[in-house]
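First up is the structure itself, then whatever we jot down about it.
The values are calculated or read from the model by the stated rules, or taken from the named source; none is laboratory data. These numbers come from a predicted model, not from an experiment. Cβ coordinates were reconstructed from backbone atoms using ideal geometry, including for glycine residues, and neighbour counts include every protein chain displayed.
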Amino acid sequence: MDKVLNTIHELGIVPVVKIDNATDAVPLANALKAGGLPIAEITFRTEAAEQAIRNIVKEVPDMLVGAGTVLTTEQADRAIQAGVKFVVTPGLSATVVKHCQANRVPVTPGVATPTDIQAALELDLNVLKFFPAGTFGGVASLKAMSAPYGMVKFIPTGGVSAANLVEYLMFPKTLACGGSWMVKDDMIKAGQFDKISALTREAVDVMLGFELAHVGVNAPDADTSLKLAKTLSGMFNLPLKEGNSSNFAGKGFEVNKSQGLGTNGHVAIATNSITRAIAWLERNGIAVAMDTAKEDSGGNLVAVYLKEETGGFAIHLLQKK
């Protein structure tokens, strides 16, 4: 997959931004970054779009900036010359797609029917924007429409909100979601950048869905492990489950039969997307020990430890099912 598209996948959410005043562009970019999303799709719905892109590219160079609502090759040229890393179109224009491809800029055109997808495949595209997602039936429609196209990923946009974000993102064929609920026009015009940061942070929290899965305790041997697990089981009226390397009391307590990772044990944190969680942690300076990664039978990453202990406990991520 293209490097830019892979980054979009890791970020998970693409804020779709309409800017009327280019002077708002840099404060907006910084607000999105502060909220955990260093990415923006600046739509060509206003005359300020090109200058807004230039301002962000110059002043916030670590921001991944794209151009949206690109309708013509002339707009594509303006966006590319302004420094965008990707282009998004509301519909499928072969002319615009080929122009972006010739300029080696990833382009994601909007599709709404199998016919659109077929046309996109003929243009060697495998990442498409499902738009307007809400109007065309949401996740249920996307699942049905995409069924014959295992090679294609989608970016649902239009009608996506904090309320349905996870439903979209948990569908394996969703690369990321586009949305504007955290960057509404009135907030930008009013200079409410702290509010934009807060809503962005909430969106990231919803996307990642971090939850405590269980606490693991190290025991010196199998007998001690079983004894402790039985104690916890009886203390809190939890079901006991014996395993090969550990015993569980309910779902919240795991007792290892030997010294596992972590001085005292480990803490398991479940997440909606282990891939996005790893990327988010690493962007925030938290190292992940990829040599501890575990995959399921389909080759999907399901567990991995962080490199550093916290309070004597190792921490590992678990993929929610």
Original post:
Exactly one of (1) under 14 Å from the mean Cα position of the chain (by Cα); (2) surrounded by fewer than 15 Cβ atoms within 10 Å (Cβ to Cβ) is unmet by Glu122. Its number?
Top reply: (1)
Original post:
Is the range 171-181 home to any residue that is touching a helix residue (DSSP H, G or I) at 6+ places or on another chain (Cβ under 9 Å), basic (Lys, Arg) and free of Cβ contacts under 8 Å to residues at least 24 places away in the same chain?
Top reply: no
Original post:
What number of residues in the range 54-78 are of a type in the set (Lys, Arg) and within 24 Å of Lys98 (Cβ to Cβ)?
Top reply: 1
**OP:** Scan the range 95-118 for residues that are charged (D, E, K, R) and either farther than 17 Å from Glu74 by Cβ or outside the structural domain of Ser146 (by TED's automatic domain parsing) (or both) and jot them down.
**Re:** Arg104, Asp116
Original post:
Can you pull out the strands (runs of 3 or more DSSP E) entirely within the range 170-280 that have at least 3 residues that are assigned by TED's automatic domain parsing to the domain that holds Glu308?
Top reply: 211-218, 240-242, 246-249, 253-256, 265-271
Subject >> Residues satisfying the stated conditions in the range 45-90, i.e. in a loop (DSSP other than H, G, I, E, B) and touching a strand residue (DSSP E or B) at 6+ places or on another chain (Cβ under 6 Å) >> reply: Thr69, Val70, Val84, Lys85, Pro90
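Results for (1) closer than 30 Å to Asn247 by Cα; (2) small (Gly, Ala, Ser); (3) more than 12 Å from the chain's Cα centre (by Cα), shown as yes or no for each residue.
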| residue | (1), (2), (3) |
| --- | --- |
| Leu169 | no, no, no |
| Trp181 | no, no, yes |
| Ser197 | no, yes, yes |
| Asp205 | no, no, no |
| Ala222 | yes, yes, yes |
**OP:** Can you tell me which residue among Arg283, Arg276 is buried (at least 18 other Cβ atoms within 10 Å of the Cβ) and basic (Lys, Arg)?
**Re:** Arg276
Original post:
Does Val288 qualify as being crowded, with 17+ Cβ neighbours inside 10 Å, touching a residue at least 40 places away in the same chain (Cβ under 8 Å) and among the β-branched types (Val, Ile, Thr)?
Top reply: no
Subject >> Test set (1) of a type in the set (A, V, I, L, M); (2) more than 28 Å from Pro109 (Cβ to Cβ); (3) in contact with a strand residue (DSSP E or B) (Cβ under 9 Å, 6 or more places away or on another chain); (4) surrounded by 14 or more Cβ atoms within 10 Å (Cβ to Cβ) - Ala203 fails condition number >> reply: (2)
Original post:
Do you know which of the residues in the range 285-302 that are among the aliphatic types (A, V, I, L, M) and part of a strand (DSSP E or B) is nearest to Gly36 (Cα to Cα)?
Top reply: Val288
Original post:
Is at least one residue of the range 103-112 in a helix (DSSP H, G or I), in contact (Cβ under 8 Å) with a residue 24 or more places away in the chain and of a type outside the set (D, E, K, R)?
Top reply: no
Subject >> Lone unmet requirement of (1) of a type in the set (Lys, Arg); (2) within 25 Å of Gly311 (Cα to Cα); (3) under 22 Å from the mean Cα position of the chain (by Cα) for Arg201 >> reply: (2)
Subject >> One residue from Val107, Val97, Val127 being crowded, with 24+ Cβ neighbours inside 10 Å and either of a type outside the set (S, T, N, Q) or at pLDDT 95 or above (or both) >> reply: Val107
**OP:** Could you grab the pairs with beta carbons closer than 6 Å, sequence gap of 6+ or different chains, first residue in the range 255-266 and free of Cβ contacts under 8 Å to residues at least 40 places away in the same chain, second one surrounded by fewer than 19 Cβ atoms within 10 Å (Cβ to Cβ)?
**Re:** Val255/Leu228; Lys257/Ala222; Lys257/Ser245
Original post:
Going by the conditions given, is Leu306 crowded, with 16+ Cβ neighbours inside 10 Å, among the aliphatic types (A, V, I, L, M) and not assigned by TED's automatic domain parsing to the domain that holds Thr7?
Top reply: yes
